[in-house]
1. With the range 104-213 as the region, which strands (runs of 3 or more DSSP E) entirely inside it contain at least 1 residues that are of a type in the set (D, E, K, R) and touching a residue at least 12 places away in the same chain (Cβ under 8 Å)?
2. Output the residues belonging to the range 79-96 that are open to solvent by less than 40 Å² (accessible area, probe 1.4 Å) and either in contact with an Asp or Glu (Cβ under 6 Å, 6 or more places away or on another chain) or of a type in the set (A, V, I, L, M, F, W, C) (or both).
3. So, in the range 105-119, how many residues would count as being buried (at least 19 other Cβ atoms within 10 Å of the Cβ) and under 15 Å from Asn76 (Cβ atoms)?
4. Filtering the range 43-78 down to residues that are surrounded by 20 or more Cβ atoms within 10 Å (Cβ to Cβ) and not in a loop (DSSP other than H, G, I, E, B), which residue is farthest from ligand 1 (Cβ to nearest atom)?
5. Tell me which residues, restricted to the range 54-87, are within 10 Å of ligand 2 (Cβ to nearest atom) and at pLDDT 95 or above.
6. So which residues in the range 25-53 are more than 8 Å from ligand 2 (Cβ to nearest atom), under 22 Å from the mean Cα position of the chain (by Cα) and of a type outside the set (A, V, I, L, M, F, W, C), if there are any at all?
Amino acid sequence: MILKELTKGLIGLVLPNNCLLCEKKINSGEVICEQCQNFERNLPPFCRKCGISISVDSKTRLCSRCRSKNFYFTRNLSPFLYKEPLASLIHLFKYQGFDFLADIFSQKLIEFIEELSIPVKNYDLLTSVPLHRRKLREREFNQSRLIAEKLSKYFLIPYKDTLKAKRYLKSQVNKSAKDRTLDIRDNFYIIEEIKEKNIILIDDVFTTGSTLSECAKALKNKGAKEILTITLAIRKLN
Ligand SMILES: [Zn+2]
Ligand SMILES: [Zn+2]
């Protein structure tokens, strides 16, 4: 923890007014320049399940991924594609302890929710994909929870931890979609009363959708009604 604090302090010393990513000069008090905040948008029309941008003429309004998969959440919405420079920023956020990025990310999500008039007020509570307690110790904070709590404050929807992870899973980054799905199966259980509730589930990245789907499955099995997942970025199909 001390090392991370020190690194952050050093960055502040060495680059007092420079963008965290491209090192371009910026006004003091800012951390990322405007250009590096210009994330690539995931534009409508969206797949009605995973929310990835699809071609207008798609009759089913489902992408190829969702035509062959049954996700347990009602639908997912993501404002950005998982590409640079956002991918690097998310990495700093998750693995380098740069928790202050939650401000930028939640602000972007708020703008997206308002732009699309997503009826978030119809939901009873916000929750986030949990980290296993060992992972939480390693990373110091749950990045998805930080974002969800900021949305909760802004939209005045209560935030609750509703899920817990059973197993400690090594990094999923280099695993195949199939292995990820197997790893994560039945990995979550419910720690909060959520019967009859409409829930917004927050995560940073929609990769294969397996984690979100497993969380939604656990919530649904305990009686939750609708599960809307909102993720900052979504990965395009290969
Ligand atoms: Zn920059
Ligand atoms: Zn889809």
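1. 163-165, 199-206
2. Answer for the range 79-96, where residues must be open to solvent by less than 40 Å² (accessible area, probe 1.4 Å) and either in contact with an Asp or Glu (Cβ under 6 Å, 6 or more places away or on another chain) or of a type in the set (A, V, I, L, M, F, W, C) (or both): Phe80, Leu81, Leu86, Ala87, Leu89, Ile90, Leu92, Phe93.
3. Here is the first cut: in the range 105-119, the ones buried (at least 19 other Cβ atoms within 10 Å of the Cβ) are 105-106, 109, 113.
Imposing the further condition that a residue be under 15 Å from Asn76 (Cβ atoms) reduces the set to 109, 113.
Total meeting the criteria: 2.
4. Among those that are surrounded by 20 or more Cβ atoms within 10 Å (Cβ to Cβ) and not in a loop (DSSP other than H, G, I, E, B), it is Cys66.
5. Matches in the range 54-87: Phe71, Arg75, Asn76.
6. Listed by number, the residues that qualify are Glu34, Gln35, Gln37, Asn38, Glu40, Arg41, Asn42, Pro44, Pro45, Ser53.
The values are calculated or read from the model by the stated rules, or taken from the named source; none is laboratory data. This structure is a prediction, so every number in the text was calculated from the model and none was measured. No Cβ is skipped: glycine too gets one built from the backbone with ideal geometry, and neighbour counts run over all protein chains shown. The protein model used for the area step is the full one, side chains on, heavy atoms only, and it has no ligands, DNA or RNA in it. Shrake-Rupley method; radii C 1.70, N 1.55, O 1.52, S 1.80 Å.
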